[in-house]
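Asks: Pasting a structure below so you can have a look.
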Amino acid sequence: MTGTEIGGLRPTSGQLALAQAIVSGGGRAPDRDNTGITHVPASVYIDPEHWRAEKAALFDRMPQVIVPSALLPGANMAVPHDHTGRPLLITRDADGTAHVFLNVCRHRGTRLMEGGDAQCTRRLVCPYHAWTYRLDGRLLALPRPETFPGLDKSDHGLIELPSCEAGGLIWFAPEQSEPGADFSDARILGEDFSAFGMDDLFLYRRKTHHVTGNWKLIMDAFLESYHVTRLHANTIGPFFKDGVTAGDMIGPHARSAVGRLEDMENADLTDMAAMRRVITFAYQLLPATIIIPSPDYVNVMVLMPSAHNRTAVEDFMLIPEKPASDKARDHWERSWNLLDGGVFASEDFRAAELGQQGLETGAVPHLTLGSLETGILRFHETVQQALRSNA
């Protein structure tokens, strides 16, 4: 999936194929066109035991996105991260390489950094006994070293988890015991995200939402176009054509595209900027990350469930460059408020909470899906396959 042209921002061949499918008639994934009505059992959203199986098979094992690269835009930066259920520390060392460590001093297990904001620093110093680490994890120094005779500093570096940076996203694998974690899908997807320019974007805003709903109910909203002109009738719905969509898969990850109201017939689809004016892509990365590139910015949403009915969603808004004027800041603030506060929080996340409330009653034994919702079925089949593999 290489760019179709050299120079500038050009779509990958996969992106171009979906765009052309929409322009030529708005087809859906060909293996699902004639599926008809399908169903997903309600139990997968409301059964705590099912959630625990998902946690073990997906969130405790699979390579997954943790943050966009823009959270650590320069060398010598670090940020604590706790929403995955384990204390993590993401760093960018002096050479610009990103790392994911356990946020734990190797001396007595003390947490190294507190808070949740990215910080500029060249060293990580334990607040308890001042053991000091480089941002690449190596133990640099410790007070009174003579009191630790025979200690080899090279054996006491921070515990690093496998990670990969590609296309403006930092991925990690949660199990330290899997140094050979497979990030091949991350690198393939990275080509798509680089085509959107995500490697060089600026982080404008970041916010964590706490949703009282199952994580898959949130994912479902970004796996179908049936709701767009209805749920979002007062926000973004009027910008889109109803049900004009196409989709495919990259490994277990879904990629979809929806047609906007602008004239698509005369658009130069080989130019990414022109394509984004007429088509909006959405990526649903297993286990639980959503990427939405709007015409001039990108939202990255990382879902981190803590129970069958509780999910933290961290929303990052990435823009081309740091705002240089009040006019620019006003523009991006309006965009942030429209998507994060209006579309996502007040509509998509609220719909997930209302769905959780309804399903918990037991009144609906299964969800009924139409032909515009086949992405949901495909996603649930992928989750079930992961569960079977872990059984």
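Asks: Can you give the accessible area per residue of the stretch 184-259, in Å², using a 1.4 Å probe?
Replies: 38
Asks: Helix-only mean residue ellipticity at 222 nm, the chain, DSSP H runs n ≥ 4 weighted -39,500 (n - 2.57), per residue, nearest 500. What is it?
Replies: The per-residue figure over the chain is -6500 deg cm²/dmol.
Asks: Based on alpha-carbon atoms only, what is the radius of gyration of the stretch 120-195 relative to the globular estimate 2.2 N^0.38 Å?
Replies: Relative to the 2.2 N^0.38 Å estimate, the stretch 120-195 comes out at 1.49.
Asks: Still on this structure: Cross-link list Lys55/Lys207; Lys207/Lys327; Lys207/Lys241; Lys55/Lys241: which exceed 32 angstrom alpha carbon to alpha carbon?
Replies: Lys55/Lys241
Asks: If one puts a single equal scatterer on every Cα of the stretch 211-257 and applies the Debye formula without solvent, what log₁₀ I(q)/I(0) results at q = 0.13, 0.31 Å⁻¹?
Replies: -0.36, -1.11
Asks: So what's the convex hull volume per residue for the Cα atoms of the stretch 37-157, in Å³?
Replies: 155
Asks: Something else about it: Which values, in whole Å and largest first, are the semi-axes of the equivalent ellipsoid of the chain obtained as the square root of 5 times each eigenvalue of the Cα gyration tensor?
Replies: 37, 25, 19
Asks: Right, next: With the cut-off at 24 Å, report for the stretch 126-277 the share of all Cα pairs above it, as a whole percent.
Replies: Considering the stretch 126-277, 60 percent of its Cα-Cα pairs are separated by more than 24 Å.
Asks: For the stretch 215-296, what log10 I(q)/I(0) values come out of the Debye formula at q = 0.14, 0.23 1/Å, with one point per alpha carbon and no solvent?
Replies: -0.48, -1.18
Asks: I'd like to compare 273-285, 118-130: which one has the highest average count of other Cβ atoms within 10 Å, and what's the full order after that?
Replies: 273-285, 118-130
Asks: How do the peptides 349-361, 139-151, 210-222 rank, highest first, by the average count of neighbouring beta carbon atoms within 10 Å per residue?
Replies: Taking the mean over residues of other Cβ atoms within 10 Å, the ranking is 210-222, 349-361, 139-151.
Asks: Ranked highest first by the average count of other Cβ atoms within 10 Å around their residues, in what order do 298-304, 380-386, 183-189 fall?
Replies: Answer by packing, highest mean first, reads 298-304, 183-189, 380-386.
Asks: If you project the alpha carbons of the stretch 288-391 onto the principal axes, what extent comes out on each, in Å, largest first?
Replies: Cα spread of the stretch 288-391 along its principal axes, largest to smallest: 53, 31, 31 Å.
Asks: So what are the three principal axis dimensions of the stretch 53-110 from its Cα atoms, in whole Å, longest to shortest?
Replies: If we take the Cα atoms of the stretch 53-110, the spans are 39, 31, 16 Å.
The values are calculated or read from the model by the stated rules, or taken from the named source; none is laboratory data. Since the structure is predicted, the reported quantities are computational estimates derived from the model, not experimental observations. Virtual Cβ from ideal backbone geometry, glycine too; neighbours counted across all protein chains shown. To get the accessible areas, we keep the full protein, side chains included, count just its heavy atoms, and leave off ligands, DNA and RNA. Shrake-Rupley method; radii C 1.70, N 1.55, O 1.52, S 1.80 Å.
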